[in-house]
Amino acid sequence: MTASKTKSSIGYSSSKLAIMILNFQIVAKRLACASVFALLFAALLAGCSTPPTGRSSSRSSGTSAAPFSSPISSFTAVSWQALQGWQDDELTQAWPAWLKSCDALRKRSSEVNWREVCAQASNISPRDGQAIRRYFENYFQAYEVRSSSSGVETGLVTGYYEPVMNGSLTRTSAYAVPLYAYPKAWRNAKPSPAPTRAELMSSGALKGQELAWVQDPVAAAFMQIQGSGKIRLEDGRVLRLGFAGTNDQPFKSFAQWLLDRKEIIRSEATMQGISQWAKRNPSRVDDMLNANPRFVFFKELPGNVSAELGPNGALGVPLTGERSIAIDLRSLPLGAPVFLATTKPLSNQPLQKLVMAQDTGSAIVGAVRADYYWGSGDAAAEMAGRMKQNGKMWVLLPR
């Protein structure tokens, strides 16, 4: 993707479906902001490819102090040759995500001084991969990330995605599963404790709060876990929904509910396996979903939000498919470039990419810990639902 309990600019995070479903220690998900920060494409396209000068890229590895302190991570300066796959990465694909980070980092106070490196980015052509590589090598130092308590340099990499479903603004025979707005009656006086999912569904308390209607209750539940999504309407429009709050009940895994009843085996405790069980047992789906008392509400995002952009992450900028990650804020600075070396789900095929730490989530805990954003739709869901890999991380910090 983890669920934040606040209605802040930090989204209802990527809890990151794999760790959430497979380890069953989850709290809800993806937090999304309502605002979208402007991209800097126009200025970049007008600019020429000017390699940075005046900085040395030959800094050797060692224990030089990093310009960021962490209570759980240690950082060791390394040469660029130490980054597995760095020379092979298509950095032009990562550049737009870095510009989004810069757009937000310029406006934030931070322990790290991002302003100079972000200013230099305007001199780089977004189409020149070699100029982008020289920019990072000249203006940044790579630091290997390790757990400060154990010294271990590897950790867990999971995945999350943005659901896309067909739906309607009105209830129809095909679309009968509602997605709800935050209850108006709760805005001034929220019940304490608030009703559980089962109580909300049986009481009719949410009548009139429907934002949209979709077809599959399990897909709707996974959208609640992710905290955002897109609804393709019958007239061709795309309705984008973001996280608006919860009923403040604890998250309980319906995957664990199925395992406890021996309805599935552990290898089936994935998004795909749960969906298949639901298709075999339609009369028991509500019982399964009600095993999780937490309920997530949505809000419609502004109409000027492009359907091509990802949901906003904790940094307040749209996530970029396969170039954004969620991290533990105790470990790494939000917005930072991170080189990630892991493997694709259920394989040994390398996944070695420059990504941006643009999101966070309460299930993303640890020094070497990342939740990889795969993008939107079914293909992204397939990858995210199966991803639970080992990986290494190097954070890139300004010299």
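Annotations
- The HN-Hα couplings worked out from phi for region 162-174 by the Karplus form 6.51 cos²θ - 1.76 cosθ + 1.60 (θ = phi - 60°) are 10, x, 10, 10, 6, x, 8, 7, 10, 6, 9, 5, 7 Hz, whole numbers, x standing for Gly and Pro.
- Inter-probe distance in nm under a simple model that places probes 7 Å from Cα toward Cβ, at Ala65 and Glu116: 1.6 nm
- The charge dipole of region 143-238, taken about its Cα centre with unit charges on the Cβ atoms of Lys, Arg (+1), Asp and Glu (-1) only, comes to about 440 debye.
- Accessible surface of Lys252, taken over heavy atoms with a 1.4 Å probe and every protein chain present, rounds to 110 Å².
- Less than 5 angstrom separates the built amide H of Gly85 from none of the residues sequence-distant by 5 or more or on a different chain.
- Shape call, region 220-270: gyration tensor on alpha carbons, a/c limit 1.5: oblate
- Note on Glu199 and Lys262: the model spin-label points, each 7 Å out from Cα along the C-beta direction, lie 3.4 nm apart.
- Each Lys and Arg Cβ is given +1 and each Asp and Glu Cβ -1; about its Cα centre, region 322-399 then shows a dipole of about 320 debye.
- For the residue pairs Lys190/Lys299; Lys207/Lys262; Lys107/Lys353; Lys107/Lys190; Lys107/Lys230, the C-alpha atoms sit more than 24 angstrom apart in Lys207/Lys262; Lys107/Lys353; Lys107/Lys190; Lys107/Lys230.
- Cα gyration tensor, region 56-164 - rounded (a/c under 1.5), prolate or oblate: rounded
- Anisotropy class of region 118-167 from Cα gyration tensor, a/c 1.5 cut: oblate
- Between Asn281 and Arg127, the distance separating the two model label sites (each 7 Å from Cα on the Cα→Cβ line) works out to 5.6 nm.
- Farthest positive-ward along region 208-351 dipole, Cα basis, beta-carbon charges - from Ile274, Pro250, Val338: Val338
- For Asn247, the residues whose modelled amide H falls within less than 5 Å of its own, excluding neighbours fewer than 5 places apart on the same chain, are Phe295.
The values are calculated or read from the model by the stated rules, or taken from the named source; none is laboratory data. Predicted model only: the values in this text are computed from it and were never measured. With ideal geometry, Cβ positions are generated from the backbone for all residues, glycine too; neighbour counts draw on all protein chains shown. Calculation scope for accessible area: heavy atoms of the full protein, side chains included, ligands and nucleic acids excluded. Shrake-Rupley method; radii C 1.70, N 1.55, O 1.52, S 1.80 Å.
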